[in-house]
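For reference, the structure is listed below as structure tokens.
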Amino acid sequence: MGHKHGESHKGQFGSNFGFLMAAIGSAVGLGNLWGFPYKMGANGGFAFLLLYLVLVVFVGYVILVSELALGRSTGKGVIGAYRALSEKYTFIGWMEVIAPWLILSFYSMLGGYCIKYAIANLGDLFGASWGVGGMDSGEFFGAFTSDMLQTVIFSLIFVLLTVIIVVRGVSGGIEKFTTIAMPALFVMLVIIIIRSVTLPGASEGLAFMFKPNWEAFEGAGWIRVLAVAGGQMFFSLSLGMSIMVTYGSYLPKEQNLERSALVIPFADTLVAIMAGLATMPAVFAMGLKPGAGPGLLFVTLQTVFDSMGAVGPFFGFLMYALVFIAAITSSISLLEGTVAVVMDRYIEKGKKFNRKTITTLMGLSIAVTASLVSLDGLGANGFPQFFGQGCWLDAIDLIAEGILMPLGACYMAIVIPTSLVDNEATLNGAQFKTKKFYDFCIKFIAPIMMVLVLLGQMDGFFGLGMFG
Ligand code: PFF
């Protein structure tokens, strides 16, 4: 039986709490901490939030249940799992495993940035020479990101830490780390929120996030917003990326599948909103604008901490350490998704395998790609660029997040047999309470929404202007 292999060879979660922390750890990441608040603010505030919630409930939840069920019923990583459905679906597995491998390259670089920033703020706390030292945060960022040696070293440290955890296996590494790291992250986030919302002028940031503004929906604009919200939702819930299939394959049969699938999106969305509360009020209180992407996290926020006076470096350290934790609990899931596929190959051939060797080799391949992306220095170092993007990070993100991920999830909705999900959800006499809802959404709502999301993403990336 496939599942037996999953139990005896690759590993298994020891408890339902451990599984939840690992899955939520995967979901909560850079996407929540800077992606969500910024995208929400720029796309209609509360209106975006409503649309996002609808997508999480009608599409995210059902894809998540399907992926967990597929993993648990087959006991395999993503390629083996799709192949178990049918030989002709193997290509979906391939798409879903190439994407996390690609994403790890820039995710490791950004994780390395977090380590650098946590250290720099610590340096400021002790007045050391290796702090930001009152330098303009834009200049500090530019000097660091174009410093090839430093960025490569920090990226490699991040890759190494990821490998060290994954080498220790599912319960001894991933579960052990995330059961400590995730509660710690939550506490740190609460401390930052308290500081952020009590700053004078914080209310403007709250208005930026929560004030409904329907302008973004005008004309065909809602499709654009839907695409942004949909892309964000897939990325944030780690869907279409092999992870939830893989983690599902490590979930013991006694655990209730449906309940877990309900908790994960809830926690992920809660942290996304909390991340907004931690950052936006502070950004506005300091009279700054919520810029995009890495700029918001590393330039704007550093300026916020610089303007806080003596306590600034303390909150700065806390924030970047927190983002680092969020990033590494995601990167271990990305690595595990790819490692599981290789372990499956050995199991299929009836050969013995060594998790340590496979993880280390996979880690080495990522060390190479992460170094290359770091050398590009967000496009500042004059390297040739691809697909009309400004840096390698964006080009890789276009392929992985823009194409492979939504396409993989779209195929999932089409090919998953609902009876398989029903079987998994009703094991041990459990009731599949959302069955009717699930059947309806997976057949009709999810595929339609995903085609719209894909169209909107293509439109956005290639600047076709289809939707105004
Ligand atoms: N969900 C993570 C985030 O929001 O940052 C990123 C991520 C992790 C995406 C794992 C995909 C994935 F498979």
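The values are calculated or read from the model by the stated rules, or taken from the named source; none is laboratory data. Just so it is clear, the model here is predicted, and its values are computed rather than measured. Cβ placement follows ideal geometry from the backbone for every residue including glycine, while neighbour counts extend to all protein chains displayed. We work out accessible area using only protein heavy atoms, side chains counted, and drop any ligands, DNA or RNA first. Shrake-Rupley method; radii C 1.70, N 1.55, O 1.52, S 1.80 Å.
Note on Leu53 and Leu372: the extension gain reaches 111.2 nm, defined as 0.36 nm multiplied by sequence separation minus the Cα-Cα distance. Couplings 3J(HN,Hα) of the range 440-454, computed from phi: 5, 5, 5, 7, 10, 5, 4, x, 5, 4, 6, 5, 4, 4, 4 Hz, in residue order, whole Hz [Karplus 6.51 cos²θ - 1.76 cosθ + 1.60, θ = phi - 60°; x for Gly and Pro]. Measuring nothing but protein heavy atoms, the accessible surface of the range 13-146 at 1.4 Å probe radius is 68 percent carbon and sulfur.
Shown here for the range 119-215: chymotrypsin sites (Phe, Trp or Tyr not before Pro) in loop regions (DSSP other than H, G, I, E, B) with at most 14 other Cβ atoms within 10 Å, namely Phe126, Trp130.
Please compute the net charge surrounding Leu237, taking Lys and Arg as +1 and Asp and Glu as -1 over other residues with Cβ under 13 Å from its Cβ.
Details: positive: none; negative: Glu67, Asp268, Glu401.
That sum, taken over residues with Cβ under 13 Å, equals -3.
Cβ-Cβ distance of Asp439 and Lys88, R₀ of 22 Å, FRET efficiency by 1/(1 + (r/R0)^6): the value works out to about 0.40.
The lysines whose alpha-carbon is closer than 28 Å to the alpha-carbon of Lys289, local same-chain residues fewer than 8 away aside, are Lys39, Lys116, Lys211.
The string of couplings for the range 164-171 from the Karplus curve (6.51, -1.76, 1.60, θ = phi - 60°) is 4, 6, 5, 4, 6, x, 5, 7 Hz, one whole number per residue in order, with x for Gly and Pro.
Return the Rg/Rh ratio of the chain with Cα-based radii and a Kirkwood Rh. Before the final figure, lay out each step's value.
Details: Rg = 21.4 Å, Rh = 22.3 Å.
Result: Rg/Rh = 0.96.
Here Lys356 is the anchor, and the aspartates and glutamates within straight C-alpha reach of less than 16 Å, apart from those fewer than 8 places off in the same chain, are Glu336, Asp344. Using the Cβ of Gly44 as centre and a radius below 12 Å, the other residues enclosed give a net charge of +1, where K and R count +1 and D and E count -1.
Solvent exposure of the range 260-415, expressed per residue, is 34 Å² of accessible area, with all protein chains present and a 1.4 angstrom probe. Each residue of the range 405-416 is assigned a 3J(HN,Hα), and the resulting list reads 5, x, 5, x, 5, 5, 4, 3, 4, 7, 8, 5 Hz, derived from the Karplus form 6.51 cos²θ - 1.76 cosθ + 1.60 (θ = phi - 60°), x at Gly and Pro.
Between Lys351 and Phe186, the simple label model (points 7 Å from Cα in the Cβ direction) yields a spacing of 4.3 nm. Neighbours of Phe437 by Cβ distance under 12 Å: Lys/Arg scored +1, Asp/Glu scored -1, total +2.
With each label modelled as a point 7 angstrom along the Cα→C-beta vector, the Ile399-Ala42 pair spans 2.4 nm.
Packing order of peptides 302-312, 280-290, 327-337, highest average first: 327-337, 280-290, 302-312 (average count of other Cβ atoms within 10 Å over each peptide's residues).
Here is the list for the range 217-270: GluC sites (Glu not before Pro) lying in DSSP coil, each with at most 16 other C-beta atoms within 10 angstrom of its C-beta, are Glu218, Glu254.
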